[in-house]
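Input: a single structure, listed below in structure tokens.
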């Protein structure tokens, strides 16, 4: 069964990597044509958009996966039941997005004032961003349906189309000199909006003519399951963007410039972010399927071990060569590269507690998600308030790391009490300890050497970890690749 998860992770992973590689071309692009303050606006907006998406999708993605699986288990007219479930979840999320968009249009001036002085002269920024959110939310449940149906190829093609369009439009706007106009960074948002409109139209075409229509009785049942996930998602996403907001409001001087640097450096952690995202895309529908408890426990325990094993390798692959990765962003942004290992560590923690969330989603004890993410949010805010005024974006990086680590600890404590899972903590500790030792060795010894020696030594350190992990797990690499490439 884990071969199936690896295969799905690879499918979504290849598409995600290709897509994000195209998307992240915008990072070196924008950090070379915009100043620190202007890129700070982009960082700010793209931290707020995921928060809006989480609120407006109402936790219905996980609800859709869970109740689609329960529908199959119940039998009867499965297709009719799934169509009703899809129409209901799609209908309520689309309605929420329309209400949000109308509110922003009506109160655009007030919203711009709340967002800060950088936005007051351009209330149209708020309207364009609200339109992006509207179309992205409208396409969310149809994209989830593709995942639930195992139509990874169509999912991949549409996601890649969105990114290619956005990048092409951004480059085109720059070629015509539009970024130098008074509207400035607003053209970056226009490129995103146009790509979102096209992608939403295409994904709606995959819905087999089903129209959004809310079955209120069904919605009450699904929402009862999804509400704790919604609240936890709000708190969890707040953890992802609160550091940016605290920089904006707590740094006394040059806040938007610091925000721009912080946003650019966090983009360099792209590979770790990609791995976590592609794993989530595959693992969520996989683990929420109807496995027997024994199968679920065994697979979830193994999945966490392998996730951490690979994550540590990715950490080393980026952290040991961070001076090379720094070239991704413009020269003015590279001063913040020293926070990259902290950002990578926070991303690893985020993936760990994602793994630790599947058991309570499966057992429909989603209230635990709220406890975990609210605890993390409290630590994130407290850490940010204490550290950001003193250390700027460096304090923001550490406050996020601390919050993610706390959520892992709380998740483990809940798991041990309510759903004991035999995670291989001994083997996990080996990989974390080895990774830490190799990183410290590089920092204390290798980084001081001439360039040729430094890169050679760091490569040997990375190879040492990889060989050890493959040997320790007795991984048949040929077999893994065959499983990934094998047709369904």
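Might you check whether a residue that is part of a helix (DSSP H, G or I) and more than 21 Å from the chain's Cα centre (by Cα) occurs anywhere in the range 141-148? Taking every residue of the range 141-148 in turn, none turns out to be part of a helix (DSSP H, G or I) and more than 21 Å from the chain's Cα centre (by Cα).
Restricting 5, 48, 58 to those that are modelled with pLDDT under 85 and under 20 Å from the mean Cα position of the chain (by Cα) reduces the list to 5. Per this entry, residue 354 is counted among residues that are at pLDDT below 90 and in contact with a helix residue (DSSP H, G or I) (Cβ under 7 Å, 6 or more places away or on another chain). Reported count of residues in the range 444-458, each being without any contact (Cβ under 8 Å) to a residue 24 or more places away in the chain and under 14 Å from residue 317 (Cα atoms), is 3.
Residue-by-condition table, conditions (1) at positive phi; (2) surrounded by fewer than 21 Cβ atoms within 10 Å (Cβ to Cβ); (3) at pLDDT 85 or above:
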site: 63; (1), (2), (3): no, no, yes
site: 69; (1), (2), (3): no, yes, no
site: 75; (1), (2), (3): yes, yes, no
site: 84; (1), (2), (3): no, yes, yes
site: 88; (1), (2), (3): no, no, yes
site: 100; (1), (2), (3): no, yes, yes
site: 108; (1), (2), (3): no, yes, yes
site: 111; (1), (2), (3): no, yes, yes
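Checking each residue in the range 294-304 for being closer than 20 Å to residue 434 by Cα and surrounded by fewer than 19 Cβ atoms within 10 Å (Cβ to Cβ) picks out only 302.
So how many residues does the range 417-434 have that are assigned to a loop (DSSP other than H, G, I, E, B) and either free of Cβ contacts under 8 Å to residues at least 24 places away in the same chain or surrounded by fewer than 12 Cβ atoms within 10 Å (Cβ to Cβ) (or both)? Residues flagged as assigned to a loop (DSSP other than H, G, I, E, B) and either free of Cβ contacts under 8 Å to residues at least 24 places away in the same chain or surrounded by fewer than 12 Cβ atoms within 10 Å (Cβ to Cβ) (or both) within the range 417-434 amount to 2. Going residue by residue through the range 206-229, is there one that turns out to be buried (at least 22 other Cβ atoms within 10 Å of the Cβ), closer than 30 Å to residue 160 by Cβ and out of contact with any helix residue (DSSP H, G or I) (no Cβ under 6 Å at 6 or more places or on another chain)? No, that holds for no residue. When 168, 80 are checked against the criterion of being without any contact (Cβ under 8 Å) to a residue 24 or more places away in the chain, surrounded by fewer than 19 Cβ atoms within 10 Å (Cβ to Cβ), part of a helix (DSSP H, G or I) and within 24 Å of the chain's Cα centre (by Cα), 168 stands alone in meeting it. When 302, 283, 235 are screened for being farther than 28 Å from residue 161 by Cα, at pLDDT below 85 and in a helix (DSSP H, G or I), only 235 passes.
On inspection, residue 104 fails the criterion of being touching a residue at least 40 places away in the same chain (Cβ under 8 Å) and not in a loop (DSSP other than H, G, I, E, B). Listed conditions (1) buried (at least 16 other Cβ atoms within 10 Å of the Cβ); (2) part of a loop (DSSP other than H, G, I, E, B) are all met by residue 475, apart from (1). Say we look at the range 113-125 and pick out the residues that are touching a residue at least 24 places away in the same chain (Cβ under 8 Å) and assigned to a helix (DSSP H, G or I); which of these is surrounded by the fewest Cβ atoms within 10 Å (Cβ to Cβ)? Restricting to residues being touching a residue at least 24 places away in the same chain (Cβ under 8 Å) and assigned to a helix (DSSP H, G or I), the top hit is 124. Exactly one residue out of 104, 11 is buried (at least 18 other Cβ atoms within 10 Å of the Cβ) and either within 18 Å of residue 221 (Cα to Cα) or at pLDDT 90 or above (or both): that is 104.
The values are calculated or read from the model by the stated rules, or taken from the named source; none is laboratory data. As the structure is a prediction and not an experimental result, all values here were calculated from the model. When we count neighbours, we look across all protein chains shown, and the Cβ atoms used for this are built from the backbone with ideal geometry, even at glycine.
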